[in-house]
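The values are calculated or read from the model by the stated rules, or taken from the named source; none is laboratory data. The shown structure was predicted, so the numbers you read here are calculated from the model rather than taken from an experiment. Neighbour counts run over all protein chains shown; Cβ positions are idealised from the backbone, glycine included. Keep in mind that these areas ignore ligands, DNA and RNA; they rest on the heavy atoms of the full protein, side chains included. Shrake-Rupley method; radii C 1.70, N 1.55, O 1.52, S 1.80 Å.
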Amino acid sequence: MNNPRRIQRHLVKALAAGALLAAAALPMAIATVAGAATAPTLTAIAFTPHGTATNSTGQSAAGATGTATFTGSGFANNGATNDTLVATCTAGTLVFTSVAETGAGTGTADFTATGTAASTCSAILTDANGASASLASAATLDAAPVISSISPNEVWEGTGPTTVTITGTGFLTGATVAITNATDGTALTASVTSVSATSIVLSVTPTNPANSGAATPGTFNVVVSNTDGGASAAGTFTVGNGLENLSPSAESAVGTYTINVLGSGFQYGATATLTTDGTTADAGACTTDITTGTIDTLSDALVTNVTSPTTATITVPITAVTAARCAVSIKNTGAGNNGTVFSLANAFGVGEASGVAPVVNSVSPTTALTVGAAPVTETLTGSGFSSYTTIGTNPTDVAYTAANGAGGTTLTFNAAATSGVTAGSFPITVTNNASSTVFTPAVTVAGPAIASQAPSLVVGAPVGTAVVLTGTGFTNTTSGTASGAGLTGTVSYASPTTLNLVLTASPTGTTGGVVNVSTVTSTGTVNSAPFTLTINAAPTVTAPVTYATGTPSDVGVGATAQTIYIHGSGFETGATVSAFVNGAAVADPNVTATVTAVTATQITATVAIKGPDTNTSVGYTVTNPDGGSVKVAAFGYPIFIGAGPTITSVTPAAGKAGTTTSFAVAGTNFETGAVVSLSPANGTCTAPTITATTTLAATCTLGQPSSVATDLVVTNPDGGTATSSTAVLPASTTKTAPAFHVSGVHGAGVAGKTVTVTISGTGFYGQPKITSNAAGSKFGVTKDTGRLLTVHVTTKAGTKAGEHTLTVRLANGKSGKAGYNIKG
């Protein structure tokens, strides 16, 4: 039966869901809402990740997106798109959107799974009418695959198929492997031959499957994709060109030179050839300058010495200098060699730079440049340098001298920072002809640098909001401004590692906000690199509140810690739920909430409601630690309040200590599933029999008197409580209740017979339960004076004679033991 308060609460729910009721239709609306409805059930969720076949029911993957089908029964509003399906996972998150019921027991939704770890998720489906159904272990997310190693991780151009093994975790049968060039995106010919959970074996050939031509040498990205659509594993692979560069890579005068050749895949006994690179300007120059004209083949001019699979030397005689760039070839000839030929065009320059980019491995010293200080001599170490190698860099306001790399493995230059430079680390571009290598970080300029902010800002943060910027290199001459994302702000010095930012205009967006500062020195100004501010969006509440009890979907008056779930986005750890208001926006001080768990999309909180409270729903405010907040009206996605139970009378009005009493309780709003208890917990009560919302019956065993009176409490499933106005066990009239203690047993049991014994002690009130370690013994208390128990003892025939132990246990759980004798 619906009382007027419950009808009112149902109307509030209808309004919260967006239903607008005309005054003329109000009686019909009341009748409809008051009608009985079948609670929905949720039985299974099946996933179809994008681009893959349907997985088994309840199976998806961390990182997957796609569509899901959920099944159950009793769904309302078939076809509605304002239902919610919320998942809570042990790791990562599973988010459902575009939830729509397609039948009384079916529905669809889009899903996104984030994270990389294996996870089990529960789910709660909420109909448009507010009814909810939950399903534990609704989904299992596979762990994303992880690559730990690739062996071998390099093949060389001109070679045939190579067996490559990828080891890791989380690989699934049917996994695919894609290997693409990190620079131009071209693929590498590869086919999977076997897959296990921890390894993938594939055959790799250094060719492009699109045209069967040679693969472009360089770094390749390796991606393993499972069939469940989850996050992919990534690794790197290299296609070597055999020849990488020469050191030195060019010479400028007549002479005979020993040149180091760097690469991979060289075999002992290999021969070397130096030829024209094919351009008109260079044709003949490589022959004329490097040979005498009497040598029949160019290979005769080069003496090759392979010292390892990655290094070789060639002796090059230059007889004249005509600007040219020559190609170099090394062939693995000789007994047992594989015959592979490695060629590198433009590898050696005569009278000009080679056309192959140098390799840079390190730079020294690493001392930071200071504005206005004397130039610092820097040395790059690597290969492929020559006297023709040049350098360039950013920023342009760092001055560099000409480079000197004649030795081929080092290149030296001077660097100086000029006023207006930006502090930080910067790359250097090292160039041979038109081929360059960028090395970073190569040069560092000392000055201010912002590393972090605290706290994060939030859209709408008020003017005057203060943020601490942490970093290095700040002085009392450091100042700056903030701008972008609609905000403005001023920056002031606080310490060598902190600056203070104060907003002068509130941010309106989450991207584009930056801080720029500069430090004035005696020799010039140094700027910081722009620091991007973290600006969070304000949290939002996007779905109805759900309740741990499912049905009823409210929190009862008198509840002390009833669990609810608030659904939305942008929630942060440390968020609070407060500022409860009714439909007239008047504060409700009776409602409080304690947040117990937070994810980005869900807040778990316990709610307490003091009585009397006459509101049927309350709005609230969710506030993040960064100050971002969202106000939810009592007609938005509120917390619904159920009318708590009341107790008008208890018959009999009180029981006797140590006895079991049947109480008839009269009142209002008793709900199916209500429980009866004693407060304080001085005894136990059975599950009540509820005959109507106004009457129930319960049997309680009362404990011993104490200094505090014992009341009877009725608690509804929604947490609503009521306490009897008079005690069912009055407080003890003595100043100090005697402590419970068992002194001894007077008399003995007799096997196969029933006899009477007495047990002495203190604090027995409540006709306690007595047991024995003599199997089959039965005890019945016939008298309890608080200090003496009269007990009928029935001992099972055949019980072994001798000393045994009995246990006296009170209704409050306290127990004591004593020895007694059994006669045969």
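Computed values, structure above
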| item | result |
| --- | --- |
| Ala634 being open to solvent by 50 Å² or more (accessible area, probe 1.4 Å), part of a loop (DSSP other than H, G, I, E, B) and touching a Ser or Thr at 6+ places or on another chain (Cβ under 8 Å) | no |
| Matching entry among Ala559, Ala597, Ala548 (being free of Cβ contacts under 8 Å to residues at least 12 places away in the same chain and small (Gly, Ala, Ser)) | Ala597 |
| Flag if Pro462 is surrounded by fewer than 16 Cβ atoms within 10 Å (Cβ to Cβ), over 34 Å from the mean Cα position of the chain (by Cα) and not aliphatic (A, V, I, L, M) | no |
| Single match in Val781, Val808, Val793 (criterion: more than 23 Å from Ala657 (Cβ to Cβ) and aliphatic (A, V, I, L, M)) | Val793 |
| Those residues of segment 715-760 which are hydroxyl-bearing (Ser, Thr, Tyr) and assigned to a strand (DSSP E or B), in sequence order | Thr715, Thr721, Thr723, Ser743, Thr754, Thr756, Thr758, Ser760 |
| Matching residues, segment 669-686, being under 11 Å from Pro552 (Cβ atoms) and open to solvent by 60 Å² or more (accessible area, probe 1.4 Å) | Thr672 |
| Strands (runs of 3 or more DSSP E) enclosed by segment 322-395 - at least 1 residues per element that are acidic (Asp, Glu) and surrounded by 16 or more Cβ atoms within 10 Å (Cβ to Cβ) | 376-383 |
| Single residue of segment 761-813 satisfying the filter (in a loop (DSSP other than H, G, I, E, B) and among the hydrophobic types (A, V, I, L, M, F, W, C)) that is surrounded by the most Cβ atoms within 10 Å (Cβ to Cβ) | Phe764 |
| Strands (runs of 3 or more DSSP E) lying entirely in segment 157-246 (those with 3 or more residues that are of a type in the set (A, V, I, L, M) and open to solvent by less than 40 Å² (accessible area, probe 1.4 Å)) | 199-205 |
| Selected residue [in a loop (DSSP other than H, G, I, E, B), of a type in the set (Val, Ile, Thr) and closer than 30 Å to Lys814 by Cα] from Val676, Val708 | Val708 |
| Selected residue [open to solvent by less than 60 Å² (accessible area, probe 1.4 Å), free of Cβ contacts under 8 Å to residues at least 24 places away in the same chain and among the polar types (S, T, N, Q)] from Ser452, Ser456 | Ser452 |
| One residue from Gly460, Gly407, Gly447 being outside any strand (DSSP E or B) and under 26 Å from Ser479 (Cβ atoms) | Gly447 |
| For Val622: the one exception among (1) touching a helix residue (DSSP H, G or I) at 6+ places or on another chain (Cβ under 8 Å); (2) open to solvent by less than 30 Å² (accessible area, probe 1.4 Å) | (1) |
| Some residue of segment 485-495 being at pLDDT 95 or above, over 24 Å from Pro507 (Cα atoms) and outside any loop (DSSP other than H, G, I, E, B) | yes |
| Residue ID - most open to solvent (accessible area, probe 1.4 Å), chosen from residues in segment 466-482 that are assigned to a strand (DSSP E or B) and closer than 21 Å to Ala446 by Cβ | Thr472 |
| Conditions (1) free of Cβ contacts under 8 Å to residues at least 60 places away in the same chain; (2) buried (at least 22 other Cβ atoms within 10 Å of the Cβ); (3) farther than 30 Å from Thr715 by Cα; number of the one not met by Phe580 | (3) |
| Residue within segment 483-505 that is more than 17 Å from Ala466 (Cβ to Cβ), under 31 Å from the mean Cα position of the chain (by Cα) and open to solvent by 60 Å² or more (accessible area, probe 1.4 Å) present | no |
| Yes/no for Ile647 being under 28 Å from Asp554 (Cβ atoms), out of contact with any Lys or Arg (no Cβ under 7 Å at 6 or more places or on another chain), among the aliphatic types (A, V, I, L, M) and buried (at least 21 other Cβ atoms within 10 Å of the Cβ) | yes |
| Meets criteria (under 24 Å from Gly92 (Cβ atoms) and open to solvent by 20 Å² or more (accessible area, probe 1.4 Å)) for Gly627 | no |
| Any hit, segment 582-591, residues being modelled with pLDDT of 95 or more, part of a strand (DSSP E or B) and over 27 Å from Ser725 (Cα atoms) | yes |
| Selected residue [modelled with pLDDT under 90 and under 53 Å from the mean Cα position of the chain (by Cα)] from Thr393, Thr333 | Thr393 |
| Filtered residue count, segment 687-700, keeping only those that are in contact with a Gly (Cβ under 7 Å, 6 or more places away or on another chain) and either open to solvent by 40 Å² or more (accessible area, probe 1.4 Å) or assigned to a loop (DSSP other than H, G, I, E, B) (or both) | 1 |
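Residue-wise test of (1) farther than 23 Å from Ile564 by Cα; (2) polar (S, T, N, Q); (3) in contact with a Phe, Trp or Tyr (Cβ under 8 Å, 6 or more places away or on another chain).
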| position | (1), (2), (3) |
| --- | --- |
| Thr93 | no, yes, no |
| Ala109 | yes, no, yes |
| Thr120 | no, yes, no |
| Leu135 | no, no, no |
| Ile147 | yes, no, no |
| Ser151 | yes, yes, no |
| Thr162 | yes, yes, no |
| Ile179 | yes, no, yes |
| Thr186 | yes, yes, no |
